[in-house]
1. Considering each residue of region 62-82, count those that are at pLDDT below 95 and exposed (fewer than 13 other Cβ atoms within 10 Å of the Cβ), and give that number.
2. Is there a residue being part of a strand (DSSP E or B) and over 26 Å from the mean Cα position of the chain (by Cα) anywhere in region 280-290?
3. Run down 359, 355, 349 and say which single residue is modelled with pLDDT under 75 and in contact with a helix residue (DSSP H, G or I) (Cβ under 6 Å, 6 or more places away or on another chain).
4. Assess whether residue 232 counts as being on the phi < 0 side of the Ramachandran plot, free of Cβ contacts under 8 Å to residues at least 60 places away in the same chain and buried (at least 18 other Cβ atoms within 10 Å of the Cβ).
5. Which one is farthest from the chain's Cα centre (by Cα) among residues in region 208-239 that are over 16 Å from residue 167 (Cα atoms) and assigned to a helix (DSSP H, G or I)?
6. Test residue 91 against the stated conditions and say whether it is closer than 30 Å to residue 391 by Cβ, outside the structural domain of residue 387 (by TED's automatic domain parsing) and in a helix (DSSP H, G or I).
7. So which of 66, 82, 97 is in contact with a strand residue (DSSP E or B) (Cβ under 7 Å, 6 or more places away or on another chain) and closer than 22 Å to residue 42 by Cβ?
C-alpha cells in the first residue's frame with residue numbers, strides 16, 4: 001500500500017473543510033440511503049434504554065439473524081432490568097447459552113443489580129455500568145435519548161476507513177482517536193440515532209467486508225479506497241497473532257443413568273458454565289493413551305472396570321479469537337460403580353460428589369464436580385461445545 005498517496009484525515013478536504021452549519025455529503029447520503037433501506041428490527045421500535053442495552057449487548061460478536069431469537073427470549077424472561085437483577089445467575093446463563101462470549105451475560109446481570117430506581121440517563125452514568133464501553137454507551141444514549149454520541153463498531157470502521165483512507169490501524173489508540181473524531185464530526189446533530197443506525201446498516205449490507213456493492217454506492221464519488229483501487233486494504237488492521245491450538249477431551253461417564261458434570265469457576269469465557277470433566281493437553285493423543293491417564297481413571301476410582309467406550313465427537317474444531325480448540329467427547333460406560341449414594345441424589349437436584357466415595361476426585365475437581373441424572377444435563381447452562389455434544393447425543397438416539 002502506498003501511504004504517500006493516502007490523504008490524512010485531519011488535512012482532508014473531503015472532511016474538515018465544511019463549516020459547522022453545513023452537512024457533509026457522506027452524512028446526507030447515508031441518511032437518504034437509510035430512509036429507503038433501513039432494516040425493520042424490534043429494538044428500533046422502542047426508546048426503552050434497557051431493551052436497547054440488551055439488543056446491543058447481544059449483537060456484539062453476533063449476527064442479527066442469530067441474535068433476534070435470543071433478544072426475544074431474553075426480553076420475555078427478563079422484561080425489565082429489575083427482573084434481570086433478581087434472577088439467579090444460572091438462569092441468566094441458561095438463556096444466554098449458545099451465544100458465546102459469556103462475560104456479556106455476567107456483566108449484564110451484575111450491571112442490572114447496580115442500577116437504582118431508574119435507568120441512567122446521561123452518557124457519563126451509562127458508561128459506568130459494568131461491561132458498557134464507548135460503543136454501547138453511545139448506542140444507548142443516541143437510540144434511547146437522542147443524544148449526539150457517535151457509535152464505532154466494525155461496520156463504522158469499515159465505512160469510514162474506506163471513505164476517508166485512514167492509514168492508522170483501528171486497534172491503536174491513535175487510530176481509535178482519529179476514527180472517533182471523524183465519526184463525531186460527521187454525526188447528524190438533528191438525527192443522531194438515525195445516522196448511527198444508517199452507517200452501521202450501510203456497512204453491514206452495502207459496504208460489506210468481502211463483496212461491497214461499489215457499483216451502486218451513493219458514496220463512491222468521495223470514497224478514497226475506491227478511487228485508488230484499495231477497497232480490501234481498509235480499514236487497516238494489525239496482523240493477526242498466530243493461533244494457539246488446544247486439545248480438549250471431555251469425559252462423559254455413564255453409570256446406571258447418572259453422570260458427572262463440572263462447573264467451571266476459574267477465569268475465562270466459560271466461567272460458571274457446566275461441562276463434562278475435561279482433560280486439556282497441548283497435543284493430540286489416542287484413545288488408549290487417554291484411558292491410561294491417572295486423571296481419567298480417577299473418575300471411577302481404583303480397581304473399577306470400564307464396560308464400553310465410544311467417541312461421541314472427534315476433533316470438533318472451534319475457533320476463538322486467538323485460539324483453535326480441538327474438542328473431543330468420549331462416552332465411557334462403567335460397570336457397577338458407586339458414583340454417589342442414591343439417597344443423596346434423590347434429596348438434591350444438584351448433589352456434590354462425596355470425596356469419601358472417590359477421594360481422588362476431590363484433589364482434582366474440588367467442590368465443583370456433581371453427580372446428576374444423564375437426562376438432566378441439558379437443564380444446566382452449558383458452554384458452546386457442550387451444546388454441540390448434547391445435540392450429537394440426540395442425533396445418535398434417533
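1. Looking only at that region, the number is 2.
2. We begin by selecting, within region 280-290, every residue part of a strand (DSSP E or B); these are 280-281.
Still in the running and over 26 Å from the mean Cα position of the chain (by Cα): none.
For region 280-290, residues part of a strand (DSSP E or B) and over 26 Å from the mean Cα position of the chain (by Cα): absent.
3. Values: 359 fails: in contact with a helix residue (DSSP H, G or I) (Cβ under 6 Å, 6 or more places away or on another chain); 349 fails: in contact with a helix residue (DSSP H, G or I) (Cβ under 6 Å, 6 or more places away or on another chain).
When all the criteria are applied, what remains is 355.
4. Details: on the phi < 0 side of the Ramachandran plot: yes; free of Cβ contacts under 8 Å to residues at least 60 places away in the same chain: yes; buried (at least 18 other Cβ atoms within 10 Å of the Cβ): no.
Answer is no for this residue.
5. Just the residues of region 208-239 that are over 16 Å from residue 167 (Cα atoms), to begin with: 208-222.
Retained after the next criterion (residues that are assigned to a helix (DSSP H, G or I)): 214-216, 220-222.
Details: 214: 30, 215: 33, 216: 33, 220: 33, 221: 36, 222: 34 Å.
The qualifying residue farthest from the chain's Cα centre (by Cα) is 221.
6. Values: closer than 30 Å to residue 391 by Cβ: yes; outside the structural domain of residue 387 (by TED's automatic domain parsing): yes; in a helix (DSSP H, G or I): yes.
Yes: the conditions hold for residue 91.
7. Numbers: 66 fails: in contact with a strand residue (DSSP E or B) (Cβ under 7 Å, 6 or more places away or on another chain); 82 fails: in contact with a strand residue (DSSP E or B) (Cβ under 7 Å, 6 or more places away or on another chain).
Going through 66, 82, 97 in turn, just one is in contact with a strand residue (DSSP E or B) (Cβ under 7 Å, 6 or more places away or on another chain) and closer than 22 Å to residue 42 by Cβ: 97.
For (1) modelled with pLDDT under 95; (2) more than 30 Å from residue 288 (Cα to Cα), each residue gets a yes or a no:
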| residue | (1), (2) |
| --- | --- |
| 206 | no, yes |
| 215 | no, yes |
| 227 | no, yes |
| 230 | no, yes |
| 234 | no, yes |
| 238 | yes, yes |
| 241 | yes, yes |
| 245 | yes, no |
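The values are calculated or read from the model by the stated rules, or taken from the named source; none is laboratory data. Because the structure is predicted, anything quoted here is derived from the model rather than measured. Positions of Cβ are backbone-derived with ideal geometry, glycine not excepted, and every protein chain shown enters the neighbour counts.
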